[in-house]
Amino acid sequence: MLVTEQIKSNTNIIVVAINMLVFVGYTIYLGLNSRDFGNAILLAICIVFHSLLCFVFSIFWHRREFQLSGILVILIGFSTCVIASYIH
């Protein structure tokens with residue numbers, strides 16, 4: 001019984017890690033692509049779409065990992081946008 005709980009815990013972490021890697025990937029791509037204001041708006045749209053997609057997956061598959069991923073994408077993503085706006 002303990003082994004199956006450990007495997008399930010590892011798959012939960014993998015789902016969150018994959019979502020964070022996708023988030024980091026498009027954030028770096030849009031951040032390195034150019035420095036204009038259009039990419040900041042595109043990044044905000046990507047963050048909203050990614051978090052909504054996570055919440056839709058959590059509704060249909062009843063997995064809390066997607067809810068956690070959606071919340072993390074919103075919190076980290078928009079705090080990144082705010083910090084980036086202060087830097088420029």
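Laid out as a table, the results:
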quantity	calculated
Phi-based couplings in Hz for the range 57-73 (Karplus 6.51, -1.76, 1.60; Gly and Pro marked x)	4, 5, 6, 7, 9, 6, 10, 6, 4, 5, 5, 4, 5, x, 5, 5, 5
In nm, spacing of pseudo-spin labels at V22 and L68 (7 Å Cα→C-beta vector)	1.7
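Here, each number is a calculation from the coordinates, and none is a lab measurement. Model, not experiment: these values are computed from the prediction. All Cβ positions, glycine included, derive from the backbone under ideal geometry; neighbour counts span all protein chains shown.
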